[in-house]
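Engineer: Attaching a single structure in structure tokens format; questions to follow.
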Amino acid sequence: MRTLVKLARYTDWANQVVFGACEEALPQVLQQTAPGTVGSIDDTLKHLVSVEDAYLAMLQGRDPGEALGPRNEYFAHDLAWFAQHSRQLDAAYLALLDGKDEPWLEGPLRVPWFDHPMTRRDGLLQVFTHSAQHRAQVLSELGAHGVKVPDVDYMLLLEVEE
């Protein structure tokens, strides 16, 4: 359980570092199609947060579609909203994990877009690694456009938390 809590804390920190780096980019860089991402940097970060949102809902026993609301309204928010919402989600992940035990982690998680069985542990690992994949894509694309790319190595989080 401690490892998952550490991954949740790292996800929160790394997401905020990446959103901060995006503030240094020209708006057109965030909007243009970016090979290797989910459309554009803007689209990729919104996708990253929406997946975190959907998995949190499923882990809480809620329907992800209902939790996110109408797709067009959800994705119409700007990146500042997504950065703030990401902070709220990551706090909710920490709250979710508080007091949970191994049997809870091994319980089933129904993920509507996958046909194979998953545990809650699988869902948590999926959401944290999924976010890491998209953060790497965004940082790569930012660097290609001359934006100073921050280091999001886990060891840096440990230094910050000291």
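The values are calculated or read from the model by the stated rules, or taken from the named source; none is laboratory data. This is a predicted model, so every value here is computed, not measured. Heads up, the Cβs are rebuilt from the backbone with ideal geometry, glycines too, and the neighbour counts pull from every protein chain shown. Note: accessible area is taken over every heavy atom of the protein model, side chains too, but ligands, DNA and RNA are not part of it. Shrake-Rupley method; radii C 1.70, N 1.55, O 1.52, S 1.80 Å.
Engineer: Of these, E159, E73, which one is over 16 Å from V49 (Cα atoms) and acidic (D, E)?
Structural biologist: E159
Engineer: To continue, here is another question. Enumerate the pairs (first residue in the stretch 1-19 and closer than 14 Å to G123 by Cα; second residue anywhere and open to solvent by 50 Å² or more (accessible area, probe 1.4 Å) and among the polar types (S, T, N, Q)) with beta-carbon separation below 9 Å, excluding pairs fewer than 6 apart on the same chain, so at least 6 apart or on different chains.
Structural biologist: L7/T129
Engineer: Could we say that K100 is within 21 Å of R2 (Cβ to Cβ) and not in a helix (DSSP H, G or I) here?
Structural biologist: yes
Engineer: Hey, another quick one. Quick one: is L94 closer than 25 Å to D153 by Cβ, surrounded by fewer than 16 Cβ atoms within 10 Å (Cβ to Cβ) and either at pLDDT 95 or above or not aliphatic (A, V, I, L, M) (or both)?
Structural biologist: On the way: closer than 25 Å to D153 by Cβ: yes; surrounded by fewer than 16 Cβ atoms within 10 Å (Cβ to Cβ): yes; either at pLDDT 95 or above or not aliphatic (A, V, I, L, M) (or both): yes.
When the stated conditions are applied, L94 passes them.
Engineer: Restricting attention to the stretch 15-38, does a residue exist that is of a type in the set (D, E), out of contact with any Gly (no Cβ under 7 Å at 6 or more places or on another chain), modelled with pLDDT of 95 or more and within 30 Å of V160 (Cα to Cα)?
Structural biologist: Checking the stretch 15-38: not a single residue is of a type in the set (D, E), out of contact with any Gly (no Cβ under 7 Å at 6 or more places or on another chain), modelled with pLDDT of 95 or more and within 30 Å of V160 (Cα to Cα).
Engineer: Would a scan of the stretch 63-75 turn up a residue that is in contact with a helix residue (DSSP H, G or I) (Cβ under 9 Å, 6 or more places away or on another chain) and not in a helix (DSSP H, G or I)? Lay out the reasoning, then the answer.
Structural biologist: In the first step, residues of the stretch 63-75 are kept if they are in contact with a helix residue (DSSP H, G or I) (Cβ under 9 Å, 6 or more places away or on another chain); the result is 63-68, 71, 74-75.
Right, trim to not in a helix (DSSP H, G or I) and you get 63.
Yes.
Engineer: Now for a separate question. Restricting the stretch 109-162 to residues that are in a loop (DSSP other than H, G, I, E, B) and acidic (D, E), which is surrounded by the most Cβ atoms within 10 Å (Cβ to Cβ)?
Structural biologist: Ranking the candidates gives D153 first.
Engineer: Of the residues that sit in the stretch 99-108 and are open to solvent by 40 Å² or more (accessible area, probe 1.4 Å) and without any contact (Cβ under 8 Å) to a residue 60 or more places away in the chain, which one is farthest from S50 (Cα to Cα)?
Structural biologist: P103
Engineer: Do we find that A83 is aliphatic (A, V, I, L, M) and either assigned to a helix (DSSP H, G or I) or open to solvent by 50 Å² or more (accessible area, probe 1.4 Å) (or both) in this structure?
Structural biologist: When the stated conditions are applied, A83 passes them.
Engineer: Identify, please: which residue in the stretch 27-62 is among the β-branched types (V, I, T), open to solvent by less than 60 Å² (accessible area, probe 1.4 Å) and not in a loop (DSSP other than H, G, I, E, B) and is, among those, farthest from N15 (Cα to Cα)?
Structural biologist: V29
Engineer: If you scan the stretch 75-97, which residues turn out to be closer than 25 Å to R120 by Cα and over 14 Å from the mean Cα position of the chain (by Cα)?
Structural biologist: A95, L96, L97
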